[in-house]
Every structure is written in C-alpha cells, then in structure tokens.
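Novice: One structure coming up, written as structure tokens, with questions to follow.
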Amino acid sequence: MYRFFYWLVLSRLPAEGTHRVSFALLRAIAAVPGVRAMLTRALGPRDPELRVHAFGRELAGPLGLAAGFDKDAKGVPALLAVGFGFVEVGTVTAEGQPGNPKPRLFRLPKDRALINRMGFNNDGADAAARRLAHRRGGTVGINIGKTKRVSETEALDDFARSAQALAPLADYLVVNVSSPNTPGLRDLQAVDKLRPLLARVRAACDLASPMRKVPLLVKIAPDLADADVDAIADLALELSLDGIIATNTTIARTNLTTPNPDRYGAGGLSGAPLKARSLEVLRRLRARVGTKLILIAVGGIESADDAWDRIRAGATLVQAYTGFIYGGPLWPKKLQRELAAKVRAAGLQTIEQAVGADCSEASATRTAG
Ligand SMILES: Cc1cc2nc3c(=O)[nH]c(=O)nc-3n(C[C@H](O)[C@H](O)[C@H](O)COP(=O)(O)O)c2cc1C
C-alpha cells in the first residue's frame, strides 16, 4: 500500500518537502497521548532473538535509523516507536547553519537511490542538546561534524565544542569525517589529521562526562582506498575507539540505471547502488579489527537479506536511511521480523551468534573447535 501511495503521491512532490512533511506528521501522530505506546507495541522489535548488546546497553533490535534523517533531534521518540532499535541523530555542528541552497535532495527511484547535498543544515549543538536533555529511554547516538565556515585549523576546537555539549546526552558519539557535502571534511580522514582530531574529541567527551566513558566511533566514506580503510581501522584500535560506522554516501555515480545522473549535480549517492562497496568496506574492517570494535554497517540495506549479510560479515548493528524512505513506516518492523525468522532458521538462539559468522577467523575457530 505504501508503495502505491509513494508512487501516486509522494514521488511527485519535491523530495525535501516530502521528508519534512512526513516527518512532522509522524511526530504529530506519535505525540497524541497513548499513540506512541500503541505504535511501540505494534511495531517495536519483540522477537527475543533480535536482542543485541552494544555500548553497555541492550537494544531490542539491531536495525537503527542512520544519521541525516533527524538532524536536529526533533523526533527521537516517534522514530523509536516505528520500530528502530536505535536512532542516530545529526549530523550536528557546533554552530547552527542553513546548509546548501535548495534543491539539494533528489530521488532516483529506478535505482532505489537518493542523491543529496544537504550540507549539514541544522540548528547547532546547543539546540540539539536542549532537545535531547528531555529524552527518556531508547538508545540514541549523536553524530557530530564540522561547521562549514570553520577552517581546517579550527576544526578541532569546533568538533570539541560539539562533543562537550552533546557527549553527556549520547549513548554513543560519532565523529563524521565522511560526508561529501562540507568542503574539506573528508580530508580529515587522513590518519595524520584524524589522530589529533579523535584524540581531541575523546578528551572533550571525558571532560564533559567524567563519570561515564561515552563510546566514541568514527564514520567513514565508501570512497576511501582500501589502504586508507586499513589505516583508519589501525588508528581506531590504537586510540581505543569503540567502533566504526561504514559507510557514508558515495561521490561515485556507478551501478546506476537512471539516465544522466550528473544532471543532479554534486552530492552523496545512497541506497541500492552503494550496497556492494559498503559491504566490501565492512569486510575489510572486520578482517583488520576482528571483534575488538563494534562495527555498524550502513549503505544500501533494503531487506532482511541485506541486514543478514552485514551481520554475518561482522556488523553488530545495521542502519538505513534510503531503505526507510522507499520502504515506508512499516519497513523497520517488516525487516526485523524477517531477520528474526532468519536467526531461527539458522538454528541460532540470538542474532549475536551470527555476527561475523561468514568471516574467516570465525570459520577457522569453528574448524579448530
Ligand atoms: C538526505 C540524506 C542526508 C544525510 N545526512 C547525513 C548526515 O548528516 N550525517 C551522516 O553521517 N550521514 C548522513 N547521511 C548518510 C546516511 O547516514 C547513510 O550513511 C547513507 O545514506 C547510506 O545509507 P543508506 O543507503 O541506507 O541511505 C545522509 C543520507 C541522506 C540520504
């Protein structure tokens, strides 16, 4: 039904406006007394096989909403109520900023993909902190990025400001150095720049939250060369980070059937065309870090099969954005219900037993055992 409604109505409206209106509608529905609890009961993951532990918490399901959907932390309870096991808000920057000129979000329905050059439009770290201060329950990650007007030399201070304001409110904090829409941001993925940045953010988190060590992750681009993926994995181990999120959107325009995709201009491509590379990066990370870090897989996850592939490739958690846009509000429930069936069909008690099951070190252990 959602597919028909999407084709008939939503696909004909401008993409960003549709997002704004649908999200506002969801928030309004969930704000009606009693409705949010009802939605949670109807749509929340309830299969015990899906329970997963990460960041010192138990999540009801492994599917989270990826960063970028709720940049300003305006709708966390509503998004948890439609069945996501966790929500990552942001990217939040230290200063509020308008983002790039519109139009800046485009649908490529033939490819089940989106192109965006939003440019971190958000109200800033203090506004997000005020909203998150009122939240109760659920697992919420906070993704931080660089304010556009800030130069590379001031970037450390800028990230530290966001970390200081937001770390105490985060179940995990993500340093986003991989969005293609802030000039120079992805250059910070170079290890000699990333090392001081992550160390500084770690220090800011510890200062702001002395009693609780806030889990710190880095989110990387699919466009990195394999050697750079390895170098970031090594750095994450060296700095005792808690995890890596792979991947952000790609600047490539490959695997597309939409004619002349260049007409949409610059931006990050998400959805189905990203699937293969995101999985490849995940496999590389797992081979490098083993079980020492939490890996969160994102990029082109559209189905329980996709989520299952990522989990077996070493992801403890998975996230999606584009799959939710094309799948609609019942999609998180459907995916997780089918995922629970896969766990049972594999003869496992919990999805955690499937994490990394396809990796060579897991097979080696099994063979040795
Ligand atoms: C419109 C849009 C905005 C996004 N904004 C952000 C963002 O602010 N920060 C971020 O780390 N990732 C952002 N992303 C990337 C997603 O979090 C995700 O990494 C990427 O879209 C791949 O997943 P998907 O194929 O499931 O969409 C955005 C993606 C889209 C489509």
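The values are calculated or read from the model by the stated rules, or taken from the named source; none is laboratory data. Model, not experiment: these values are computed from the prediction. Glycine also receives a Cβ, built like all others from the backbone with ideal geometry; neighbour counts cover every protein chain displayed. The area values use the complete protein model at the heavy-atom level, side chains included, leaving out ligands, DNA and RNA. Shrake-Rupley method; radii C 1.70, N 1.55, O 1.52, S 1.80 Å.
Novice: Glu88 versus (1) within 17 Å of the chain's Cα centre (by Cα); (2) of a type in the set (Asp, Glu); (3) surrounded by fewer than 21 Cβ atoms within 10 Å (Cβ to Cβ): which is the lone unmet condition?
Specialist: So Glu88 meets the others, but not (3).
Novice: State the number of residues belonging to region 184-197 that are within 15 Å of the ligand (Cβ to nearest atom) and either touching a Ser or Thr at 6+ places or on another chain (Cβ under 8 Å) or not in a helix (DSSP H, G or I) (or both).
Specialist: 3
Novice: Separate question: Could you tell me which of the residues Ala266, Ala246, Ala307 is over 23 Å from Phe106 (Cα atoms) and either among the acidic types (Asp, Glu) or in contact with a Pro (Cβ under 8 Å, 6 or more places away or on another chain) (or both)?
Specialist: Sole residue among the options that is over 23 Å from Phe106 (Cα atoms) and either among the acidic types (Asp, Glu) or in contact with a Pro (Cβ under 8 Å, 6 or more places away or on another chain) (or both): Ala307.
Novice: Sort out which residues of region 63-98 are under 19 Å from Val218 (Cα atoms) and among the aliphatic types (A, V, I, L, M), and write them in order of number.
Specialist: Within region 63-98, Leu63, Leu65, Ala66, Ala67, Val87, Val89, Val92, Ala94 qualify.
Novice: Among the listed residues Thr91, Thr139, identify the single one that is at pLDDT 95 or above and within 9 Å of the ligand (Cβ to nearest atom).
Specialist: Only one candidate passes the filter, namely Thr91.
Novice: Hey, another quick one. Quick check on Asp223: is it under 22 Å from Phe159 (Cβ atoms), in contact (Cβ under 8 Å) with a residue 12 or more places away in the chain and not in a loop (DSSP other than H, G, I, E, B)?
Specialist: Considered against the rule, which asks whether it is under 22 Å from Phe159 (Cβ atoms), in contact (Cβ under 8 Å) with a residue 12 or more places away in the chain and not in a loop (DSSP other than H, G, I, E, B), Asp223 comes out as no.
Novice: Scan region 175-193 for residues that are farther than 10 Å from Ile220 by Cα and open to solvent by less than 10 Å² (accessible area, probe 1.4 Å) and jot them down.
Specialist: Selection gives Thr182, Leu185, Leu188.
Novice: Can you name every residue in region 229-240 that is more than 16 Å from the ligand (Cβ to nearest atom), under 16 Å from Leu198 (Cα atoms) and either part of a helix (DSSP H, G or I) or open to solvent by less than 10 Å² (accessible area, probe 1.4 Å) (or both)?
Specialist: Within region 229-240, Ala231, Ala233, Asp234, Leu235, Ala236, Leu237, Glu238 qualify.
Novice: Same structure, new question: Among the residues of region 50-72, are any out of contact with any Cys (no Cβ under 9 Å at 6 or more places or on another chain), more than 16 Å from the ligand (Cβ to nearest atom) and among the acidic types (Asp, Glu)?
Specialist: For region 50-72, residues out of contact with any Cys (no Cβ under 9 Å at 6 or more places or on another chain), more than 16 Å from the ligand (Cβ to nearest atom) and among the acidic types (Asp, Glu): present.
Novice: So, in region 35-70, exactly how many residues are open to solvent by 10 Å² or more (accessible area, probe 1.4 Å) and either closer than 25 Å to Arg212 by Cβ or of a type in the set (Ser, Thr, Tyr) (or both)?
Specialist: 9
Novice: May I pose another question? Just to be sure, is Pro109 at pLDDT 95 or above and open to solvent by 30 Å² or more (accessible area, probe 1.4 Å)?
Specialist: No, not satisfied.
Novice: Can you tell me which condition Arg149 does not meet? The list is (1) farther than 22 Å from Leu293 by Cα; (2) part of a helix (DSSP H, G or I); (3) open to solvent by 40 Å² or more (accessible area, probe 1.4 Å), and all the others hold.
Specialist: Unmet condition: (2).
Novice: Further, regarding this structure: Here are some conditions: (1) within 21 Å of the chain's Cα centre (by Cα); (2) closer than 19 Å to Leu239 by Cα; (3) of a type in the set (A, V, I, L, M). Leu185 meets all but one. Which one does it not meet?
Specialist: (2)
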